[in-house]
1. How big is region 126-358 by the Kirkwood estimate over distinct Cα pairs, in Å?
2. Excluding same-chain residues fewer than 8 positions from K138, which lysines have a Cα within less than 16 Å of its Cα?
3. How big is the Rg/Rh ratio for region 239-310, C-alpha atoms only, Rh by Kirkwood, two decimals?
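Computed from the coordinates by the stated procedures, all read-outs in this text should not be read as laboratory data. What you see is a predicted model, and the numbers here were worked out from it, not measured in a lab.
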Amino acid sequence: MNFTLVYSAILLLLSNAGVYSGGFRKITIMLCGMGLLMWLFVGAVPLGLLSLFLIFALATRTFCARRWWRFPALSGTAVLAALGIAFLMTQTEQRRITGLREAFPYQPMRELPAPVDSFPGGPLLAGTESRLDYLEGKVPGEGWRSRTHALQILHEENVSLFVRSSGFGQERMVRLPLGKIPDTLRPDELRVPQPNGGSSRTHAETTSEVRVLEWEFHELHRQGILDFINAENFGHVKDRRNVAGFQSHRFSKVPEPSDGWRVETLELVGLLLHAEPRVYVSAELPRMDELRKAPTRPLDRFEVAGLEQLRCDEDLVAADAPGGMRLLGGIRNAKQCIQCHDGKRGDLLGAFTYTLVKGR
């Protein structure tokens with residue numbers, strides 16, 4: 001704000017001197033050009049408007065020179081108009097920010113059970129470590145243009161400095177991406193039916209031994225995890241008692257077919273909320289804000305055997321089944337998850353159990 005007022009005062013004095021002196025006029029035009037650039041690149045609205053108005057006023061200097069009071073009156077009006085427009089814009093943005101703070105307040109995090117410690121004996125296997133690294137690299141970051149960063153700034157005590165990004169903005173070098181806070185949310189009414197039409201029929205018994213998959217179907221499973229965790233809407237976690245803008249983990253679509261196989265059912269294996277692992281049964285793809293009330297079933301023989309492999313460091317296992325294939329893929333504690341889920345990187349948080357059939 002102080003910078004804006006000082007710069008405006010300098011422009012006002014130089015522009016008035018520039019009516020009678022070509023040297024001052026050139027300096028004024030150069031400073032006005034800088035003001036326009038600051039408007040364009042750093043959101044300094046009053047400087048940009050004032051620069052635009054003064055350039056127009058200088059163009060009328062021949063008319064203004066006939067009466068000494070004309071240009072001071074015109075330039076003073078330009079200053080008041082520029083600051084007035086910027087003030088109105090600031091008030092509009094202040095109301096917008098107040099509304100967003102009310103819509104996305106700090107809330108305490110629901111207590112989460114500790115994850116399953118899958119690796120008491122040492123580090124992750126090399127393949128599992130590599131796949132976890134790759135997955136973490138695909139999770140949207142918390143950069144300065146992200147929704148997480150916007151929520152963080154929104155709830156800081158000095159948010160008034162950032163409000164001025166639309167008006168008196170030399171304190172804030174870029175516009176705050178406030179639109180991302182509500183715009184990235186998945187519609188609450190979005191429900192993704194199970195691909196088989198929502199049938200909860202018993203899974204077919206497998207016809208082969210459980211085998212570890214080194215590369216097959218890993219992309220299908222990875223895309224399922226990335227869609228489910230809904231990382232873009234993690235929100236801002238100041239601490240476990242102050243979380244803003246979090247939207248629960250949920251699917252937005254059925255994972256894409258892979259190598260001629262398509263997903264027929266996809267269910268979540270819960271490891272944390274029950275004394276024994278359970279599979280959540282739903283006519284829709286898993287959605288964490290609703291699964292606590294969903295019915296569950298015990299693991300079948302394939303899932304029991306597969307879970308033992310996941311707890312021994314593997315990521316994805318499979319077995320043949322009549323008319324298709326069964327998959328069980330682990331959901332591991334990535335570095336982006338630890339702040340909420342505790343535990344250590346690589347711990348097993350849950351698993352997805354899939355039924356695949358041939359065709360698209």
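1. Numbers: mean 1/r = 0.0518 Å⁻¹.
The Cα-based Kirkwood calculation yields 19.3 Å.
2. K335
3. 1.03
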